[in-house]
Amino acid sequence: ESDNGYIADSLKLVYTYDDGLMEEVIVDFINVGGDNFEATIPARNENIIVDYHIEVVDNRNTKFTSPGINVNGLQFKFQYAFGPDEINPELLHTPVTKIKSVDTEIALAANASDVFAGLDTLVVEWRINGTDQPQLGMKLDTTDFFEDDKYIVTLDLPNTIAAGDIIEYRILAIDASSISNTTSSPETGFHRVDIEAVSGALDIYENDFNSTTEDFEGTGFSIAQPSGFADAGIHSDHPYEAAGENRTINFNYELTTPIVLKEAGKAFMEFDEIVLVEPSEPGTSFGDAEFWDYVIVEGKKLRSNRWEPFIDGYDSRADPAWFTAYSNGIVGNDSEREGNITLFRDRTIDLLESEKFVTGDTVAIRFRLFSDPFARGWGWAIDNLNIQGVSSAVEDFVATEEVKIFPNPVGDQLFFKLDLIKKSEDFNIVIIDASGKEVLRKQVDQSSSSIEQSIDVSELSSGMYFMQMRFNKNDILTRKFVKG
């Protein structure tokens, strides 16, 4: 069909046999009624690959082809194989290796396709402590923006599952050929899922990551101190792994000890971070396909397998310095700009704000970095993590979101601004260097509830420092800054 009409005699089939000669053969289409045409590619009675395209000229003498032409002017080709199907399906799967004893299900995902006959079946065979369970079929995930060959299934677990039990499974991809070519993950045997006991829940978790810790587990993250940083913290891989064409990757780092959420006004998480991941398109929101890569902090109630966001995902657009750093480092599709301590910004999250969680909930907490098939950057860094710790108690005195220190990095004068809810018996500003040594202290005048004062830091050496606002000596709010 053509809006401008087409020249029927110009409709051609162009094909080649992939036999080393690659001689191009042109065949006229035959009209079989109306706008319907047919053409034939002769079989060679041998196993061979055939490439072909179709072309036609409209009444304005413009040639069109199917499939089209790439940006370099080269003709794309359709392709099929002739002969017996001896090609196994392609199957990609990241195994689940462990779950908690309180989990009620296991979510599995796999990417599967078959270039010849197409997929017929994608199934999971599994067993608990050696006892076979009913086989389950995997279904195409039609909600994924980027992967058109992603399949998912959920293994529902009995209430009797306990620490020390073992779950085993394998995924079988079977094509639609007469001989049912099959690919298995793993290639032999079964994937093993260990079931771990849940550690006792905590009310408070604090970590500056300057000592060895095994409190987190996951992929794509580690406790590290890259070049340009004064101490260790949580770091994604730098740069984080590119997902690849038609693929996505989720990197997760989960706190192994669950947290019992406190009451409103005290259920806060605080940390310093750098986010250099692919920024979203202007005007898009979290959840849109063109929001691209993002980072997010999520929670999961015990006896649930649904991770819920404490806040929406965000990316390099969340701070002007991050966006500038990412944008100025773009080479090709990716950004090669590396993070350093001058890019740290503090974040405070109200763990009850999303209304997905309430006071008294026991929740697992994880950090997640999502990578789409396209651009990538340096990644995510997290330091000075404080979940419902002592600094959260300052909510009795000051609204955390109203606390501002600037500029950062600072020259000679560091300014701080906050609004007091009530006065403290003793309100001091204490500056601590990266080694933990107190280098400056200042008494704060509380004659007004709205405070904006400055501190002379001209004699401090260049480097990273921590400013602590100490209320009644024991209640502390910490902010990090860099002296230029």
Give me the residue from the stretch 303-328 that is among the aromatic types (Phe, Trp, Tyr) and in a helix (DSSP H, G or I) and, out of that set, surrounded by the fewest Cβ atoms within 10 Å (Cβ to Cβ). PHE323
Cβ-Cβ below 6 Å, separation at least six or inter-chain, first residue in the stretch 163-181 and farther than 26 Å from ASP120 by Cβ, second part of a loop (DSSP other than H, G, I, E, B) and among the hydroxyl-bearing types (Ser, Thr, Tyr): which pairs? ALA163/SER101
Residues being in contact with a helix residue (DSSP H, G or I) (Cβ under 8 Å, 6 or more places away or on another chain) and within 26 Å of ILE330 (Cβ to Cβ): count how many of those fall in the stretch 200-255. 2
Selection from the stretch 261-280 of residues that are open to solvent by less than 40 Å² (accessible area, probe 1.4 Å), touching a Ser or Thr at 6+ places or on another chain (Cβ under 6 Å) and under 17 Å from LEU351 (Cβ atoms): LEU261, PHE268, GLU270
Go through the stretch 281-330 and report how many residues are within 21 Å of ARG345 (Cα to Cα) and touching a residue at least 12 places away in the same chain (Cβ under 8 Å). 25
Cβ pairs under 8 Å, 6+ apart or interchain, first in the stretch 128-141 and at pLDDT 95 or above, second surrounded by fewer than 11 Cβ atoms within 10 Å (Cβ to Cβ), ordered by first then second residue, are ILE128/PRO158
Say whether the condition of being acidic (Asp, Glu), touching a residue at least 60 places away in the same chain (Cβ under 8 Å) and either loosely packed, with under 11 Cβ neighbours inside 10 Å or not in a loop (DSSP other than H, G, I, E, B) (or both) is met by at least one residue in the stretch 69-91. yes
Name the single residue, out of those in the stretch 107-143 being charged (D, E, K, R) and open to solvent by less than 40 Å² (accessible area, probe 1.4 Å), that is farthest from ASN305 (Cα to Cα). ASP114
Can you tell me which residue in the stretch 144-167 is surrounded by the most Cβ atoms within 10 Å (Cβ to Cβ), limited to those that are of a type in the set (A, V, I, L, M, F, W, C) and not in a loop (DSSP other than H, G, I, E, B)? ILE167
Scan the stretch 57-73 residue by residue and report those that are of a type in the set (A, V, I, L, M) and under 43 Å from the mean Cα position of the chain (by Cα). ILE69, VAL71
How many residues are open to solvent by less than 60 Å² (accessible area, probe 1.4 Å), within 23 Å of ASP3 (Cα to Cα), in a strand (DSSP E or B) and touching a residue at least 12 places away in the same chain (Cβ under 8 Å) when one looks only at the stretch 17-41? 1
Looking only at the stretch 448-484, count every residue that is surrounded by 12 or more Cβ atoms within 10 Å (Cβ to Cβ), at pLDDT 85 or above and among the charged types (D, E, K, R) and tell me the total. 1
Restricting attention to the stretch 331-344, and to residues there that are assigned to a strand (DSSP E or B) and within 20 Å of the chain's Cα centre (by Cα), which single residue is nearest to GLY244 (Cα to Cα)? ASP334
Name the pairs: first residue in the stretch 54-66 and in contact (Cβ under 8 Å) with a residue 40 or more places away in the chain, second residue of a type in the set (A, V, I, L, M) and open to solvent by 60 Å² or more (accessible area, probe 1.4 Å), Cβ to Cβ under 8 Å, at least 6 apart or on different chains? VAL56/ILE7; VAL57/ILE7; ASP58/ILE7; ASN59/ILE7
Just give me the residues in the stretch 282-302 being open to solvent by 50 Å² or more (accessible area, probe 1.4 Å) and either within 16 Å of PHE357 (Cα to Cα) or under 17 Å from the mean Cα position of the chain (by Cα) (or both), in sequence order. SER285, PHE286, ASP288, GLU290, LYS301, LEU302
Can you pull out the residues in the stretch 192-249 that are among the polar types (S, T, N, Q), outside any loop (DSSP other than H, G, I, E, B) and buried (at least 16 other Cβ atoms within 10 Å of the Cβ)? ASN207, SER236
From ILE49, ILE41, ILE106, ILE54, residue being under 33 Å from the mean Cα position of the chain (by Cα) and hydrophobic (A, V, I, L, M, F, W, C): ILE106
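Yes or no, residue by residue, for (1) among the hydroxyl-bearing types (Ser, Thr, Tyr); (2) within 20 Å of HIS93 (Cβ to Cβ):
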site	(1), (2)
PHE146	no, yes
PRO158	no, no
ALA163	no, no
SER185	yes, yes
THR188	yes, yes
VAL198	no, no
ILE204	no, no
ASN210	no, no
Tally time: how many residues in the stretch 262-280 are modelled with pLDDT under 95 and on the phi < 0 side of the Ramachandran plot? 10
Looking only at the stretch 329-353, and only at residues there that are open to solvent by 40 Å² or more (accessible area, probe 1.4 Å) and among the hydroxyl-bearing types (Ser, Thr, Tyr), the one that is nearest to ASP203 (Cα to Cα): THR348
Would you pick out the residues in the stretch 408-432 that are closer than 28 Å to PRO279 by Cβ and at pLDDT 90 or above? VAL410
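The values are calculated or read from the model by the stated rules, or taken from the named source; none is laboratory data. Because the structure is predicted, anything quoted here is derived from the model rather than measured. All Cβ positions, even for glycine, are placed from backbone atoms using ideal geometry, and neighbour counts span all protein chains on display. These accessible areas exclude ligands, DNA and RNA; they are computed on the full protein's heavy atoms, side chains included. Shrake-Rupley method; radii C 1.70, N 1.55, O 1.52, S 1.80 Å.
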